[in-house]
Amino acid sequence: APGPRPAVGPATGSRWSAYVSNMPFDADEAQLLACCVEALGGDPAAVRSATIARSREDGRACGFGFVELASETALVSLLQRSALELSGRVLRVASRGRATSLPGQTGPRREGSFGGRRRARKPL
């Protein structure tokens with residue numbers, strides 16, 4: 001039976017946290033932390049913590065995780081990286097939506113059913 005389930009995401013609710021996906025299933029928190037520290041110029045103070053989401057049933061990694069960063073500058077720098085790689089896989093990094101947006105982004109992305117606007121029905 002698997003042990004206690006680790007928390008998904010930083011427990012502190014940091015304003016500067018990122019969602020990391022496309023991770024190898026055999027990666028652990030230490031590897032993700034080291035990858036992010038390296039991407040941010042080797043400054044270990046820039047990354048506070050790294051957490052990998054795990055399955056409730058067997059405790060295996062789910063392929064995504066969260067990284068808590070020390071500042072908005074570190075978050076923006078990590079989001080702008082295009083070649084963040086771990087065990088031969090290119091990771092996708094996105095903001096958790098609370099902290100900041102990249103330059104040039106004007107607002108939240110709109111998504112809806114079938115991608116279109118609802119149109120008013122014509123009266124019969």
Report summary line: Residue set 81, 92; condition touching a strand residue (DSSP E or B) at 6+ places or on another chain (Cβ under 8 Å), modelled with pLDDT under 85 and either among the charged types (D, E, K, R) or open to solvent by less than 100 Å² (accessible area, probe 1.4 Å) (or both); output residue 81
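Here's the yes/no breakdown for (1) touching a residue at least 24 places away in the same chain (Cβ under 8 Å); (2) within 19 Å of residue 87 (Cβ to Cβ):
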{"residue": "18", "(1), (2)": "yes, yes"}
{"residue": "26", "(1), (2)": "yes, yes"}
{"residue": "30", "(1), (2)": "no, yes"}
{"residue": "33", "(1), (2)": "yes, yes"}
{"residue": "45", "(1), (2)": "yes, no"}
{"residue": "48", "(1), (2)": "yes, no"}
{"residue": "52", "(1), (2)": "yes, yes"}
{"residue": "56", "(1), (2)": "yes, no"}
Requested in this report: Answer with yes or no whether residue 37 is free of Cβ contacts under 8 Å to residues at least 24 places away in the same chain, of a type in the set (A, V, I, L, M, F, W, C) and within 14 Å of residue 75 (Cα to Cα).
Outcome: yes
Query raised in the report: Looking only at residues in region 32-49 that are open to solvent by less than 20 Å² (accessible area, probe 1.4 Å) and in contact with a helix residue (DSSP H, G or I) (Cβ under 9 Å, 6 or more places away or on another chain), which one is nearest to residue 22 (Cα to Cα)?
Result: 36
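The values are calculated or read from the model by the stated rules, or taken from the named source; none is laboratory data. Computed from a predicted structure; not experimentally measured. Virtual Cβ from ideal backbone geometry, glycine too; neighbours counted across all protein chains shown. Protein only, heavy atoms only, side chains kept; ligands, DNA and RNA dropped before computing areas. Shrake-Rupley method; radii C 1.70, N 1.55, O 1.52, S 1.80 Å.
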